[in-house]
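Here is the structure we will look at.
Throughout, read-outs are computed from the coordinates displayed, never taken from laboratory work. What you see is a predicted model, and the numbers here were worked out from it, not measured in a lab. Note that each Cβ is placed from the backbone with ideal geometry, even for glycine, and that neighbours are counted across all protein chains shown.
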Ligand SMILES: [Zn+2]
């Protein structure tokens, strides 16, 4: 299993969630650093970027003397959920499938921090002074234009400020508390990740591990 993406914290976060959604992936996920930049690309440009990523994945498999069951590619849309999200997601996923065979495009709206706001109790468990305000609970966090700022300014309050490096610990806490499958509120891109992980587990990981 490969998790590819630009940011190390985001890759670790994605791995933590995938290993919870699909325990068969545990201990089998490797990370590949790649600048990605797929969501704004189209046509030949998109195909070329997907092929560049595929070459990296194949080279890593050769180096590790293994086969790759599947690839999850993370990117932030940097825009709120809307009509363009499913269009872009499908376009890139098709390009990735063409280049890689089996692949999933984990496109977060607006960015992976919006997923953290789905777990108010995990945020408070990681840092006692953090609290998600009522107006952000039980909502569609994919509609927040800048969830990172919400975490730093509104959730952190006067206590220790949220930093990007905290994300993996919060997701790990959400998993430990059994919350990853029952988020507070919703986010289409998070629900998509859960669907993709479940499909990957039955269709891609399991058949190839036999
Ligand atoms: Zn898969």
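Residues of region 42-71 with the amide nitrogen closer than 20 Å to a label point 7 Å from the Cα of residue 202, along Cα-to-Cβ, please. Answer for region 42-71: 69-71. Can you give the angle from 0 to 90° between the axis of helix 8-21 and the longest principal axis of the chain, with both taken from C-alpha atoms, to the nearest 10? So the inclination is approximately 90 degrees. Note on residue 6 and residue 145: the extension gain reaches 48.0 nm, defined as 0.36 nm multiplied by sequence separation minus the Cα-Cα distance. What percent of all Cα-Cα pairs in region 54-122 falls into each 10 Å bin, going from 0 up to the bin containing the maximum distance? Once binned at 10 Å, the Cα pair distances of region 54-122 give 19, 38, 28, 15, 1. Counting neighbouring beta carbons within 10 Å and listing from fewest to most, the residues 70, 127 come out as 127, 70. Taking each DSSP H run with n ≥ 4 as -39500 (n - 2.57) and averaging over every residue of the chain yields -13000 deg cm²/dmol at 222 nm.
Any idea what diffusion coefficient region 10-153 gets from Stokes-Einstein, in µm²/s, Kirkwood Rh on alpha carbon pairs, 10 °C, 1.306 mPa s? Answer from the Stokes-Einstein relation: 95 µm²/s. Between the Cα long axis of helix 84-100 and the first principal axis of the chain there is an angle of about 30°, rounded to the nearest 10.
May I ask for the angle, rounded to the nearest 10°, between helix 167-176 and the longest principal axis of the chain, with both axes built from Cα atoms and the value confined to 0 to 90°? Helix 167-176 sits roughly 90 degrees off the main axis of the chain.
In the chain, Cα pairs under 8 Å separated by at least six residues give a relative contact order of 25 percent. Between 198, 108, 134, the GNM of the chain built on Cα springs shorter than 10 angstrom shows 134 fluctuating the most. Distances between every pair of Cα atoms in region 113-176, grouped in 10 Å steps from 0 to the bin holding the largest one, split as 25, 62, 13 percent. If you wrap region 95-210 in the convex hull of its Cα atoms and look at it from every side, the mean projected area works out to 8.2 nm². Would you mind getting me the FRET efficiency between residue 37 and residue 129? Use the beta-carbon distance for r and R0 = 30 Å, nearest 0.05. Using R0 = 30 Å, I get an efficiency of 0.25. Note on the chain: GNM, Cα springs under 10 Å; of 99, 122, 197, the largest mean-square fluctuation is that of 99.
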